[in-house]
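One structure is given here, and the rest of the page talks about it.
The values are calculated or read from the model by the stated rules, or taken from the named source; none is laboratory data. All of these numbers come straight from a predicted model, not from anything done at the bench. Because the Cβ atoms are built from the backbone with ideal geometry, glycine has one as well, and the counts that use them run over all protein chains shown.
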Amino acid sequence: MGFQSKGCTLRGTGDKMTEIAVLVKRVPDTNAQILVSGDRVDLSAVKWVMSPYDEFALEAAMLHKEAKGGNVTAITLGNADCDKVLKDAKAVGVDRIIRVWDDSWSELDSNQAQSALANVIRDLGINIVYCGKSAADTGAGSTGPGVAERLGWASASNIIGLEFEDTGVEAMVPAATGNARTGVSLPAVISCDKGFCKPRKPNVKGIMMAKRAQVEVMSSDIPSSSVNIISHSPPPKKAPGQTFEGASEVPRVVAALRNDANVI
Amino acid sequence: MSETIVIAETRDGELHPVTAELVSAANNLGDSTTIVVPSTNDAAANSASSIAGVSKVIACVGDCFAAYDAASWAEAIDSCAPSGVIVCAASQNGKDLASRLAARRSISVVQDVVGIDGGTLTQPIYSGKAMQNLSLNGDAAISVRANTFAAAGDGGSAEVSVMNQSADVATAVREMIAKASERLDVAEADIIISGGRGMQDPANFANLERLADTLGAAVGASRAAVDTWEEIPHSMQVGQTGKTVNPSLYIAVGISGAIQHLAGMRTSKYIVAINKDPEAPIFKHADYGIVSTWEDALPVLEAELKALLG
Ligand SMILES: Cc1cc2nc3c(=O)[nH]c(=O)nc-3n(C[C@H](O)[C@H](O)[C@H](O)COP(=O)(O)OP(=O)(O)OC[C@H]3O[C@@H](n4cnc5c(N)ncnc54)[C@H](O)[C@@H]3O)c2cc1C
Ligand SMILES: Nc1ncnc2c1ncn2[C@@H]1O[C@H](COP(=O)(O)O)[C@@H](O)[C@H]1O
């Protein structure tokens, strides 16, 4: 049964194979303590993982391939330390793993990083890109729409539902008044929230394959940076709060919210 | 000398009040502020012209603004907006648009700005576990979180110029699935009252909803509440894998204060915690902590607020 349903949906967009890419980023584990030493964060002791939403993007890319055929390329931008997230993607079955980097680069700003990613995606002949809605380090949510704009493509962000169609996808996009069931034609960039799929776990064979897999490294021209990072600092310390014992103290808190804090 | 362009935040074609906060942010950054108001007509632009401290209002009018579509919005707004630093709201669409506009102009984007001091912008990184301070050397698009700046007053009378735009939409809304409830979204609210696993039963959230109605607040939840009870939708979740909020007042009820929950709400201006466990980590972050069960505390809170707010 599974066989048949697969057989009749194997065709991609027109005659062209669907070329699927997923962007995966290496970030500190979300449980990691982030220390600032001097005026920069000190990440020397953190555990590194694939950014959590990228796991959903990766699963979406694999499901897309299973539904419509094509190849999945996992792409990361970063130095050789980032090979591990590509191997993690390989272990769940992506076809190709590419790291975008040039040894003359150090930290790239959004303009530089997006340009590099967009150039590589264009060169690879990709027609759909999945990425996370935001990376756990930046929290920005800039990359998906930014890469799409650079390529002149459609984009849908923060999606919470996904159906695959022959010439595009139907994404569920949260809006102020509800959820919008939205048709998106290829080429497109889709940035994924969680919840619409369950990321698969690698099996032993996948892990063995990933060990042997070769990471391809690609470079690109990039613009110059227009932001200067001055410093990192710990989050502002709040004045210590007050604690009250028991429900009978609630009126004092309400009075403070009214008179001191001015918020009600 | 330097021009700053605010992209107005709108909801259903109407100007969102956060736009006046963006004007304050822009006036902190540059000498002259223009507001671009994307809409299907010029009504919202006319209301923007009364915001104080604005030198010019551009009504960017086009059919593409009927529903959010990143590509056509960016194209149409880009052709209306002069060059300079672009300021958007750090809302879901505002951040998306800031990214598109920056990419279109090949400039950088700086999201979730929570402070502007001279030329230094501050944004949270690692979900607020650290702050990044940066300066711009050139144009950029930035998004500014709500409640970072006091709203500019009114009394302005900037001239409105209308620019008609047409851009092809790249995505099409096929169906709107309206929210089950009319409740305010946590991402939109200035006061949030959230419940955690300590609420014990989803039915008990009705207590929070009544309070929310009195306060004009939204109801949020911890992940444990969302994961445990089907009745509590993910859209209510605050935290690392939920929504990031920055309200004036955040009331956490029966929430322990795990680091991933704090990631979503620690920048709230005032935090009230109601928890029966005096050792709960949330108390370390609360301005006002109440050690009590919610069963005892909420009825008193409700009575007090009703007396105060009617
Ligand atoms: C990758 C990752 C991402 C995550 N993302 C999020 C996220 O986005 N948002 C989030 O919230 N969590 C997130 N979590 C989960 C987080 O670690 C906690 O498990 C969760 O926040 C706990 O929710 P809680 O405080 O409601 O429940 P609990 O930790 O079980 O706390 C319940 C609290 O209620 C109190 N209580 C019990 N009964 C009463 C009563 N009658 N009256 C008053 N108080 C009472 C208890 O003292 C306790 O402090 C994430 C975890 C991971 C690993
Ligand atoms: N350096 C990177 N390498 C690969 N993918 C990235 C990189 N930076 C961002 N992305 C992708 O873009 C998403 C959003 O990142 P951000 O715009 O930083 O919030 C991430 O979840 C990734 O899918």
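Return the residues of region B:236-264 that are more than 9 Å from ligand 1 (Cβ to nearest atom) and farther than 16 Å from residue A:134 by Cα; say none if nothing qualifies.
Passing the criteria: B:236, B:246, B:247, B:248, B:249, B:250, B:251.
Any residue at all in region B:277-294 that's out of contact with any strand residue (DSSP E or B) (no Cβ under 7 Å at 6 or more places or on another chain), within 10 Å of another protein chain (Cβ to nearest Cβ) and of a type outside the set (Gly, Ala, Ser)?
Yes, region B:277-294 has at least one match.
Any residue in region A:134-156 that is more than 8 Å from chain B (Cβ to nearest Cβ), within 16 Å of ligand 2 (Cβ to nearest atom), closer than 29 Å to residue A:79 by Cα and not hydroxyl-bearing (Ser, Thr, Tyr)?
Yes, that holds for at least one residue.
Residues are listed down the side, and each one gets a yes or a no for (1) within 11 Å of another protein chain (Cβ to nearest Cβ); (2) at pLDDT below 95; (3) outside any helix (DSSP H, G or I):
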| site | (1), (2), (3) |
| --- | --- |
| B:182 | yes, yes, yes |
| B:187 | yes, yes, no |
| B:193 | no, no, yes |
| B:198 | no, no, no |
| B:203 | no, no, no |
| B:208 | no, no, no |
| B:212 | no, no, no |
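Condition (residue is assigned to a strand (DSSP E or B), aliphatic (A, V, I, L, M) and away from ligand 1 (no atom under 16 Å from the Cβ)) applied to region A:138-154: is it met by at least one residue?
Our first condition is that a residue be assigned to a strand (DSSP E or B); within region A:138-154, this holds for A:154.
Adding the requirement that they be aliphatic (A, V, I, L, M) leaves A:154.
Add one more test, that the residue is away from ligand 1 (no atom under 16 Å from the Cβ), and what stays is A:154.
Yes; the residues of region A:138-154 include at least one that is assigned to a strand (DSSP E or B), aliphatic (A, V, I, L, M) and away from ligand 1 (no atom under 16 Å from the Cβ).
Please find, among A:121, A:190, the residue that is in contact with a Leu (Cβ under 7 Å, 6 or more places away or on another chain) and either among the hydrophobic types (A, V, I, L, M, F, W, C) or in a helix (DSSP H, G or I) (or both). Break it down stepwise before answering.
Numbers: A:190 fails: in contact with a Leu (Cβ under 7 Å, 6 or more places away or on another chain).
The conditions single out A:121.
Taking region B:116-141 as the region of interest, how many residues are among the acidic types (Asp, Glu) and assigned to a strand (DSSP E or B)? Walk me through it before giving the result.
Just the residues of region B:116-141 that are among the acidic types (Asp, Glu), to begin with: B:117, B:139.
From what's left, assigned to a strand (DSSP E or B): B:117.
Residues that pass the stated criteria total 1.
In region B:106-123, which residue that is touching a strand residue (DSSP E or B) at 6+ places or on another chain (Cβ under 8 Å) and of a type in the set (Gly, Ala, Ser) is nearest to residue B:29 (Cα to Cα)?
We begin by selecting, within region B:106-123, every residue touching a strand residue (DSSP E or B) at 6+ places or on another chain (Cβ under 8 Å); these are B:107-116, B:119-123.
Filter once more, keeping what is of a type in the set (Gly, Ala, Ser): B:108, B:115, B:119.
Working: B:108: 16, B:115: 11, B:119: 7 Å.
My answer is B:119.
If you check residue A:181 against the conditions, is it over 18 Å from residue A:59 (Cα atoms), surrounded by fewer than 20 Cβ atoms within 10 Å (Cβ to Cβ) and either within 7 Å of chain B (Cβ to nearest Cβ) or within 15 Å of the chain's Cα centre (by Cα) (or both)?
Numbers: over 18 Å from residue A:59 (Cα atoms): yes; surrounded by fewer than 20 Cβ atoms within 10 Å (Cβ to Cβ): yes; either within 7 Å of chain B (Cβ to nearest Cβ) or within 15 Å of the chain's Cα centre (by Cα) (or both): yes.
When the stated conditions are applied, residue A:181 passes them.
Please enumerate the residues belonging to region B:276-305 that are more than 8 Å from ligand 1 (Cβ to nearest atom) and either among the β-branched types (Val, Ile, Thr) or not assigned by TED's automatic domain parsing to the domain that holds residue B:210 (or both).
Within region B:276-305, B:290, B:291, B:300 meet the criteria.
Say whether the condition of being hydrophobic (A, V, I, L, M, F, W, C) and more than 7 Å from chain A (Cβ to nearest Cβ) is met by at least one residue in region B:120-133.
Kept after step one, since they are hydrophobic (A, V, I, L, M, F, W, C), are these residues of region B:120-133: B:121, B:125, B:130-131.
In the following step, the residues that additionally are more than 7 Å from chain A (Cβ to nearest Cβ) were identified as B:121.
Yes, region B:120-133 contains a residue that is hydrophobic (A, V, I, L, M, F, W, C) and more than 7 Å from chain A (Cβ to nearest Cβ).
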